[in-house]
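Input: a single structure, listed below in C-alpha cells.
The values are calculated or read from the model by the stated rules, or taken from the named source; none is laboratory data. Owing to the predicted nature of the structure, the values given are computational and were not obtained by experimental measurement. Cβ atoms come from the backbone with ideal geometry, glycine included; neighbour counts cover every protein chain shown.
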Amino acid sequence: MRTRHSRPADRRGFALAVALFALVVIGALIAGVFFASTQEYRVGRNTLTQQRAFAIAELGLNRAFNSWSANSASYRALAVGGIATADTTVDGGVARVKVTRLNATSFWVVSEGIAGGDAMTEARRKTSGVMRFQMPSINFLGALTLRGSARIGGSSQINGGDQNPTGWTATCPTASGGMPGVVVDSLNHISYSGNTYSVSGVPGGVVANPMARDTSTYFHYGDMEWADLVRSATVPVPAGANYPRIWYDSSITVLNGVSTVRCRTATITNWGQVTRTTPAAGICEDYFPIIYAAGDLSIQGGAGQGILLVAGDLSVQGGFEFYGPVIVRGTLRTSGTGGHFNGGVMAANIELDANTVLGDAIVNYSSCAINQALTGSATPQWVDHRAWSELF
C-alpha cells in the first residue's frame with residue numbers, strides 16, 4: 001500500500017522584496033539628506049557671497065566719500081549730468097563706483113559690489129547716496145561791508161558792479177547786475193580824504209543799511225557759522241603772521257616714468273593760483289583753500305584765492321590780490337599800493353576801531369569769484385534723509 005505525501009502550499013518569500021524596499025527607502029533618505037545639505041550649503045554660500053557683495057558696495061560708497069579730496073578736481077570738472085567712474089579691487093571682489101553730477105552742488109554716488117569667483121557663484125549688490133556741498137550762505141550787502149566808522153581816500157577804487165576776474169571768462173557766466181559799493185550802518189560813520197578815490201555800485205556807491213551793524217551779518221551764514229568755517233580751514237595762519245609773498249606752489253611728481261606737475265596743497269603759503277593762463281592751466285587753479293588767521297594778519301604782495309578769515313585786524317599793502325570772500329572780525333586797513341580784492345569784503349570791526357581804505361586799494365564785487373571760492377573750498381556731506389539707499 002502506497003503512502004501518499006501531501007505537497008505543502010506554495011509559500012513564496014517576501015524578505016527580498018522587503019530588503020529591496022528598505023534599500024530604496026534608505027537610499028531616498030540618504031539622497032534627500034544629501035540634497036538638503038547641498039541646498040543648505042549653497043544657500044549659505046550664496047548668502048555669504050551676497051553679504052560680501054553688499055559690504056563691498058558699501059566700501060565703495062564710503063571710499064568715494066572719504067577720497068573726495070584726492071578726486072576733487074575730476075569731480076568738480078563734471079558738467080551737470082556728467083559721470084565719473086572708478087573701480088576698486090577689494091579682497092577678491094570689485095566695487096564699481098559711478099559719480100553723477102546732478103547740479104552745481106549735488107552728486108549722486110552709486111556703488112555696485114561684485115563678489116564670487118564665477119558666474120555660478122557671483123553676487124551683485126548696489127547701494128547709492130546723494131552728496132551735496134556744504135557751503136556757507138554769506139550775506140554780502142555790498143562789495144565792501146563795514147561795521148562802525150570808516151575812512152575812504154587815496155586813489156582807492158570800490159566798485160559794486162558785478163565783474164568777472166581777468167582771465168576767468170572760461171569759467172564764469174556773463175556778469176550782470178551787482179550791489180552797492182560800500183555799505184555802512186550809518187552815513188555819518190563814513191569820511192573821505194582826497195578827491196581821487198572812486199566808489200560806485202548798483203544802485204549806489206555808498207549805502208546805509210542797518211544790517212551792517214548786526215554782527216550776525218558777519219558771523220552767521222545760513223546753516224553755518226564762523227566757528228564752522230574756522231573748523232573747516234585748510235590753511236592755518238598763526239596769530240601776528242606777516243606774509244610778504246603768497247603764491248601758488250606746485251611740484252613735479254614722477255609716476256610710472258611720467259612727470260606730472262601737481263599742486264602742493266600741504267604748504268601753508270600756497271593760497272591757490274589766481275592766474276588762468278600762465279603757467280599752464282590745471283596746476284593750482286582748482287585749489288581754493290579756507291585760510292584762517294588766528295589773530296592780526298599783515299600781507300604785503302602776492303596773491304591768493306578761496307575764503308580768507310581773519311580773527312583780528314587785516315592790514316594789506318604791496319598790491320596783494322585776493323579772489324573770493326574776505327571776512328575780518330577786526331578792522332580792515334589798506335595803504336600804499338593797497339590790496340586788490342575781487343569778490344566781497346566784510347569787516348565786523350568788533351572793537352569799533354576805524355576802518356581805513358586808502359592808497360591804491362581796489363575792491364571789486366565779483367559773484368563768480370565768490371561762487372567759485374565757495375564751491376571750490378566746500379566739502380561734500382551726505383544729504384539728510386537721502387544719504388543712503390539700496391538699489392538691489
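Before moving on, here are some points about what is shown:
- In this structure, Gly93 does not qualify as assigned by TED's automatic domain parsing to the domain that holds Val202 and either surrounded by 14 or more Cβ atoms within 10 Å (Cβ to Cβ) or within 18 Å of the chain's Cα centre (by Cα) (or both).
- Candidate set from region 176-210 (those that are assigned to a helix (DSSP H, G or I) and touching a strand residue (DSSP E or B) at 6+ places or on another chain (Cβ under 8 Å)); member that is farthest from Leu308 (Cα to Cα): Leu187
- The combined condition, being in contact with a His (Cβ under 9 Å, 6 or more places away or on another chain), crowded, with 17+ Cβ neighbours inside 10 Å and either outside the structural domain of Ser193 (by TED's automatic domain parsing) or more than 19 Å from Trp382 (Cα to Cα) (or both), is not fulfilled by Gly154.
- Single residue of region 347-392 satisfying the filter (outside any strand (DSSP E or B) and among the acidic types (Asp, Glu)) that is farthest from Leu308 (Cα to Cα): Asp384
- Look at region 193-206: where a residue is farther than 13 Å from Asn364 by Cβ and a partner is of a type in the set (A, V, I, L, M, F, W, C) and surrounded by 13 or more Cβ atoms within 10 Å (Cβ to Cβ), sitting 6+ places away or on another chain with Cβ atoms under 6 Å, you get Tyr197/Ile152; Gly205/Val199; Val206/Val182; Val206/Val199.
- Residue in region 358-373 that is assigned by TED's automatic domain parsing to the domain that holds Asn159 and over 21 Å from Gly160 (Cα atoms) present: no
- Among the residues of region 98-152, those identified as among the aliphatic types (A, V, I, L, M) and under 30 Å from Pro203 (Cβ atoms) are Ala104, Met135, Ile138, Leu141, Ala143, Leu144, Leu146, Ala150, Ile152.
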